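Before any comments, here is the structure.
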Amino acid sequence: MPNNFNSIFEYLANKNELDICYTNFADGGIGEQFKPNPNKTFNKDLFADNELHILDMVADKFKSTSTNEIIEISHKEKAWIENSGGKNLINYNYSFELNGLSNAHRLFIMQ
């Protein structure tokens, strides 16, 4: 996770950009869900075309994936495996090695 991960979402919640909801999972765990404020409209002008494309790719890839499935997928990634034991910050460069991306997606992201 990024440094100060929770602070980012707390800031957005304080600005009424999103709601932080707590969910009980089937395995007994409790997790946070970040839901957009329904009274706010998405401002695509804040993003470059390639950033919008990446957001669409991620949304399409995970639209039918549960939270637990995303956790399982992320824990198979090299970034998690090499950094979880020491609770190290994960370097952004690992994003170019994600198993869940096709080579075409990787090339697009690196542009």
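For G100, the criteria (1) at pLDDT below 90; (2) within 30 Å of N24 (Cβ to Cβ); (3) exposed (fewer than 13 other Cβ atoms within 10 Å of the Cβ) hold in every case but one, which is (3). Taking the conditions (1) in a helix (DSSP H, G or I); (2) modelled with pLDDT of 90 or more in turn, S64 satisfies each one other than (1).
Could you tell me whether K87 is of a type outside the set (A, V, I, L, M, F, W, C) and in a loop (DSSP other than H, G, I, E, B)? Considered against the rule, which asks whether it is of a type outside the set (A, V, I, L, M, F, W, C) and in a loop (DSSP other than H, G, I, E, B), K87 comes out as yes. Within segment 46-97, the residues that satisfy the criterion of being β-branched (V, I, T) and under 15 Å from the mean Cα position of the chain (by Cα) are I54, V58, T65, T67, I70, I71, I73, I90. Tell me whether segment 9-31 contains one or more residues that are touching a helix residue (DSSP H, G or I) at 6+ places or on another chain (Cβ under 6 Å) and at pLDDT 90 or above. Checked segment 9-31: at least one residue is touching a helix residue (DSSP H, G or I) at 6+ places or on another chain (Cβ under 6 Å) and at pLDDT 90 or above. Say we look at segment 67-84 and pick out the residues that are part of a loop (DSSP other than H, G, I, E, B) and charged (D, E, K, R); which of these is farthest from G28 (Cα to Cα)? Result: E77.
The values are calculated or read from the model by the stated rules, or taken from the named source; none is laboratory data. Just so we're clear, the structure is a prediction, and the values are computed from it rather than from any experiment. Neighbour counts run over all protein chains shown; Cβ positions are idealised from the backbone, glycine included.
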